[in-house]
Amino acid sequence: MTLRLVASGDRDALAIRDHLLPLIRSHGAIEVQRDTVRVVSWRHDAWEFEHWTPFNDLQPGEASSPGYRQALKRQHSEPDLPYGLDIRLSGARVMSVLWSDDGSFQVAVFSRGRWEQDVLAL
């Protein structure tokens, strides 16, 4: 059995992520869309939001089947966390979270503060 320690801010970080993603998708602009990543950024007053998702152009001769992609995924010893969200307030990173389609996630940065209520009010 694998145990996972849960930090007290994990639920709050995921709630903030879930609140912001629709806003970033509707108000943001694609900054990068090549190689392995697509980055959507949204700047609002002193806030900077960056959300990235996997994006792969198929190489010539590369199979696009789901089975092929699953086989590649199984080659990794730890689960991939291909999605991410960084939040900066006045240039300082206050939150960074990574996640995958299977529900696994990692809160890399979460600085508690008044900004949490402010960002949820957007």
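Throughout, read-outs are computed from the coordinates displayed, never taken from laboratory work. Just so we're clear, the structure is a prediction, and the values are computed from it rather than from any experiment.
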Fully extended contour minus Cα-Cα distance, from R88 to S104, at 0.36 nm per residue: 3.5 nm
Check V37: other-chain or 5+ apart residues with amide H under 5 Å from its amide H, H built from backbone geometry? F55
